[in-house]
Amino acid sequence: MISDYKGILVIGEIYDGKIRPVTFQLITKARELADTLNTSLSTVLIGNNINEMAKEPIYYGADKVYVLDNKMFDPYIAEVYSAVLAKFIDKLKPEIVLIPATHTGREYGPRIAASLQTGMTADCTDLAIKNGRFIQIRPAYGGNIMGEIFTPNHRPQIATVRPNVFKARDPDTSRNGEVIKEEPDFSNVNLRTVIKEIVKTTVTGAKKIDEAKVIVSGGRGVGSKEGFELLRQLADLLGGAVGASRVAVDLGWMPKSAQVGQSGITVSPDLYIACGISGTIQHIVGMKDSKIIVAINKDPNAPIFNIADFGIVGDLHEIISVFIEELKKVLNK
Amino acid sequence: MLDFTFSEEQDMIRESVRDFAQKKIAPIAMEMEKTKQIPEDVIQGMADLGLIAPTVSTKYGGQGFDAVTAGIIAEELSRADPTGSIPVFYLVQASWGHVFDKYGTEEAKQEILPNVTKGKWFLGIATTESDAGSDVLGTRTTIKKEGDKYVVNGEKMYISGVREAYTRGGGHITIAKQFPELGAKGMTMFYLPLQSKGIIPTYVDDLGREGISTGGFTIDNVTIPKHYIVGQEGKGFYIVHEGYEYARGLIAVICASAGLKSLERGEKYLKERKAFGMPLAKFEALQFRLAEHYTKLSFLRLGSYWALWTYDREGQKKATRFEVSKAIAMAKMFASEWSTQAIDEVMQWQGAFGYTRECVDQAAWRAIRSFSWAEGSKEIMRVIVSRELLGKEYTSYK
Amino acid sequence: MKILVLVKQVPDTSEVKFNENGVMIREGLQSILNVFDQFAVEEALRIREKYGGEVSVMTLAPEQAKSALQKCLALGADKAYHISDRAFGGSDTLATSYALSLAIKKVGEFDLIMAGNQATDGDTGHIGPQVAQFLGLPHVSYVEKVESIDGDKALVKSLMEDGYRMVEVKLPALFACIPPTTFEYSNPSMSGIIKAKNKPYIWFKADDIDGDKSRFGLNGSPTRVLKMYPPPKRSRGEIFTGDYHEAVKKIIDVLKEKKVIS
């Protein structure tokens, strides 16, 4: 019965031994939704040796934190997460479940929806309660159209949300809540997957793009690995990070962790400078919510100019050098 | 029952060729004006897809395609390559590959055609001479049987693909006088390998189709084996027209396609360019010209496919030789004129820029201009149609 | 090896046009084989070449999707299954995955099922994982390469946001694939196109697959679209084509004003 389902559940993601920031973004938004619906907000954390961080979701707005702590949860394997979480959700019966639309969430999440035979909306860019309905808003056709989706007759209503779509509130350590240790139910797990190797391609010390307020990003036009040095200089001056389009990553000029776009990271910094990036939909979808977009490209017809607040047509290395020169004057460096 | 649609298969062929041409040909097309050759990876890509001489039967590495399907490929290549280089590379090999397949000896076909369809060798046509173009019987090149071989003497001029056949391998379907006293019944068609001893090539700096060479060659006592004879001795004059006609049909499609593509570019320009406070597209004079050229070229396109379809029907015994000659001549009669006129108009819209080499349309104009004489002049097309209408007895010359 | 690739025909959104109200024009859009699925088909063909076997393709779609399946056959796939019925109209991803899984069970056992990681129209990425769930198979998403297959174990490279994992899975399994940008999509050859028309093309209607009909189509879809509208448009701003110093100075002024730089 639909009425048996109550409350909102956010599935928290543990990554690199920490709760992934997107979790706190979802909790912040979910708190709003929970308040509108006058219902409770829970988070479930799933990982290994995670008791230390169990309180954190409370500081962002969760009323309850369920902890699924077991060595089976590290490394992450889709079959394990989906089976255990499906059992857990079926037991808890929340009316709404939010899952981070990270690569992992997009991998195990749909299995949960299928297992529970309920509705799921992917990559939501906004969530709202209208007329008591939970409305899930998402782009389609490569971002060319927006759709409003809802799940009238099935529970829970599951939605995945991209990182950096919502902003996390500042944590309030005075908030109170309940931490509940949950015994994972492995009865539906039929393990046939082994993780052989995990390779990170981050450059140590490099600023992470998903937290940066300024991103200087390069694409095919940069021309080479060495070409990114100038972008680095500009980024440093602006206190920002260096990003890249998928092409630049595939060509080996920048690590995967710098990739902005549909199959990389979605960012919404205060300033995004796109250098030598043509502006395919797959890239734009990852940065179009930046506050100010500056595009530099030698092709005046590059699609990136259509979404840029400012654009400069010309040789990107020359232009960036000019930028650095002029900035130094302004910053008195 | 009239059906103006292509088959599912033909649609798939068109889509595949169009996609290939967009990815591999369009980006490098204008470069060929400077490099004067078709990039090797394009030739290889075409060969891999099965686009070189697809009219040749599968036995020799072709696809066994009919003329209409061959036309579809020509249309898409022409859209992507405004310089006309690849369309010419394609149409010559497609048309004369078909003729070779139909009339060549088994031994020669086994030896030559697989190399052509693989893109290794070039197969061309060499009937034109310095002093004989439209008047095929004015050919001065001779061929004489000597024992088990044939000896050829003469020269050919304004031939496409001389450098390609000379450097890569391959040769040209050639026509020469074997029995001069028999007139039209005394000409023989044969395959002439261009790397033969006794062949000296020369090159001509012509106005367009820069990616494929134009030239000539002297033929000094060149010996060819008897299996290189195409068709029967003395039948050359008749067989060669089948090849000309195939080529003319493909040329008509190519002209329509290049002209329509040019109009597409022009349309975009009319919308973007402003004068006197409004886009050029709002000026009725220009709108009317766009509409007129578009209409003529669209009919040319349909007419070309109709002519190629008629060509195929001869093979099915549903059309006579004469019906085919007439249909093909009708298709080619105005092809180059109408297309160059449209392209010239598009150049005019672009004013001074249209007069620079950066403008793509000028390359298209130079390419399509060649089709007013290539494989049969527009004047001869009129001769053919009037002859078919009035009867042979009214032809003013033998 | 018996490989099945799930494919979808989608509108070609690479050249989208908008009307005066900023609404995407859907009429006249070409329909194409979803590029992620084409990659999956080409990977499957490579696996077949290396390990032997048969590659089938399957779609749940209206009749017009025939050209997408034909393209797969022309690229080299051996068989096509086309599930088409009015009953499937209005299906969301759950209803689609359910019907697909039933059709797969009907057709037989496969060692490997592949699919594009997502389709360029819906972009949900649901079908792969959900079909795997319904079939009780393990799956991996974001697979850029099937590295090797050794007996009944496959080793795949799965992309993460900041790197990749090498994942070993016991077959049968499902892989949802994503191509590298440098991937060069093949064009069907002429001979491939000719051969395609003689390959088995099997149609399935709703009655041909055994399952719970109430879970097909609109009625079987838990999610509903309330409305669709154009995205908030970022309009084209100021594009400088002249002197670099002028342009840069102007931009820096704005950045100072907006306190992006201090």
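The values are calculated or read from the model by the stated rules, or taken from the named source; none is laboratory data. Keep in mind that what you see is a predicted model, and the values were worked out from it rather than measured. We place every Cβ from the backbone using ideal geometry, glycine too, and count neighbours over all the protein chains shown.
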**Asked** Does any residue of segment B:301-323 turn out to be within 25 Å of B:Ala132 (Cβ to Cβ), in a helix (DSSP H, G or I) and outside the structural domain of B:Arg209 (by TED's automatic domain parsing)?
**Response** yes
Filtering segment B:37-60 down to residues that are surrounded by fewer than 21 Cβ atoms within 10 Å (Cβ to Cβ) and either within 18 Å of the chain's Cα centre (by Cα) or not basic (Lys, Arg) (or both) yields B:Gln37, B:Pro39, B:Glu40, B:Asp41, B:Gln44, B:Gly45, B:Ala47, B:Asp48, B:Ser57, B:Thr58
Selection from segment A:98-123 of residues more than 7 Å from chain C (Cβ to nearest Cβ) and part of a strand (DSSP E or B) yields A:Leu98, A:Ile99, A:Pro100
Restricting segment B:265-294 to residues that are within 22 Å of B:Asp81 (Cα to Cα) and surrounded by fewer than 17 Cβ atoms within 10 Å (Cβ to Cβ), the one modelled with the highest pLDDT turns out to be B:Glu267
For segment C:47-74 the number of residues that are closer than 13 Å to C:Leu112 by Cα and in a helix (DSSP H, G or I) is 3
In the set B:Ala352, B:Ala327, B:Ala363, B:Ala291, the lone residue that is free of Cβ contacts under 8 Å to residues at least 40 places away in the same chain and touching a Ser or Thr at 6+ places or on another chain (Cβ under 7 Å) is B:Ala327
Here, strands (runs of 3 or more DSSP E) confined to segment A:236-333 with at least 2 residues that are buried (at least 19 other Cβ atoms within 10 Å of the Cβ) and free of Cβ contacts under 8 Å to residues at least 24 places away in the same chain are A:292-297, A:310-313
| message | Whether any residue in segment A:172-188 is in contact (Cβ under 8 Å) with a residue 24 or more places away in the chain, farther than 30 Å from C:Lys256 by Cα and within 13 Å of chain C (Cβ to nearest Cβ) is what I want to check. | response | yes
The condition from (1) within 30 Å of B:Leu137 (Cα to Cα); (2) surrounded by 22 or more Cβ atoms within 10 Å (Cβ to Cβ); (3) not aromatic (Phe, Trp, Tyr) that B:Ser262 misses is numbered (1)
How many residues of segment A:216-244 are more than 23 Å from A:Leu327 (Cβ to Cβ) and either in contact with a Pro (Cβ under 9 Å, 6 or more places away or on another chain) or within 13 Å of chain C (Cβ to nearest Cβ) (or both)? The answer is 1
Considering segment C:141-162, residues that are in contact with a Ser or Thr (Cβ under 6 Å, 6 or more places away or on another chain) and under 25 Å from A:Met254 (Cβ atoms), and then whichever is surrounded by the most Cβ atoms within 10 Å (Cβ to Cβ), we arrive at C:Val143
- prompt: When you look at B:Val116, is it in contact with a helix residue (DSSP H, G or I) (Cβ under 7 Å, 6 or more places away or on another chain) and more than 24 Å from B:Ser377 (Cα to Cα), yes or no?
  reply: yes
Checking B:Gly147, B:Gly133, B:Gly154 in turn, the sole residue that is under 16 Å from the mean Cα position of the chain (by Cα), surrounded by fewer than 24 Cβ atoms within 10 Å (Cβ to Cβ) and not assigned by TED's automatic domain parsing to the domain that holds B:Ser372 turns out to be B:Gly133
The residue from C:Leu102, C:Leu112 that alone is within 26 Å of A:Gly119 (Cβ to Cβ), in contact (Cβ under 8 Å) with a residue 60 or more places away in the chain, within 14 Å of chain A (Cβ to nearest Cβ) and not small (Gly, Ala, Ser) is C:Leu102
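Residues checked against (1) more than 19 Å from the chain's Cα centre (by Cα); (2) at the interface with chain A (Cβ under 9 Å from one of its Cβ atoms); (3) closer than 14 Å to C:Phe36 by Cβ:
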residue: C:Gln118; (1), (2), (3): no, yes, yes
residue: C:Gly128; (1), (2), (3): no, yes, yes
residue: C:Ala132; (1), (2), (3): no, yes, no
residue: C:Gly136; (1), (2), (3): yes, yes, no
residue: C:Ser141; (1), (2), (3): no, yes, yes
residue: C:Val146; (1), (2), (3): no, no, no
residue: C:Asp152; (1), (2), (3): yes, no, no
Check: In this structure, is C:Ser191 free of Cβ contacts under 8 Å to residues at least 40 places away in the same chain and within 14 Å of chain B (Cβ to nearest Cβ)?
Finding: yes
Screening B:Thr58, B:Thr5 for residues that are farther than 22 Å from B:Thr117 by Cβ and among the hydroxyl-bearing types (Ser, Thr, Tyr) leaves only B:Thr5
Those residues of segment A:296-309 which are more than 8 Å from chain C (Cβ to nearest Cβ) and over 23 Å from C:Gly122 (Cα atoms) amount to A:Ile296, A:Asn297, A:Lys298, A:Asp299, A:Asn301, A:Ala302
message = One residue is enough: does segment B:141-159 have a residue meeting the conditions touching a residue at least 24 places away in the same chain (Cβ under 8 Å) and under 15 Å from B:Gln93 (Cα atoms)?
response = yes
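To keep it simple, each residue is scored yes or no on (1) under 14 Å from B:Ser160 (Cβ atoms); (2) over 20 Å from the mean Cα position of the chain (by Cα).
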{"residue": "B:Glu181", "(1), (2)": "no, yes"}
{"residue": "B:Lys185", "(1), (2)": "no, yes"}
{"residue": "B:Thr188", "(1), (2)": "no, yes"}
{"residue": "B:Arg209", "(1), (2)": "yes, no"}
{"residue": "B:Gly215", "(1), (2)": "yes, no"}
{"residue": "B:Thr223", "(1), (2)": "no, yes"}
{"residue": "B:Lys235", "(1), (2)": "no, yes"}
{"residue": "B:Arg248", "(1), (2)": "no, no"}
{"residue": "B:Leu263", "(1), (2)": "no, yes"}
Counted residues in segment A:203-234 being hydrophobic (A, V, I, L, M, F, W, C), over 22 Å from the mean Cα position of the chain (by Cα) and closer than 20 Å to A:Gly279 by Cα come to 3
Evaluate segment A:54-61: report whether one residue or more is under 30 Å from A:Arg133 (Cβ atoms), touching a Ser or Thr at 6+ places or on another chain (Cβ under 7 Å) and not in a helix (DSSP H, G or I).
yes
(message) So for segment C:124-142 (the condition being among the small types (Gly, Ala, Ser), in contact with a strand residue (DSSP E or B) (Cβ under 6 Å, 6 or more places away or on another chain) and part of a helix (DSSP H, G or I)), does at least one residue qualify?
(response) yes
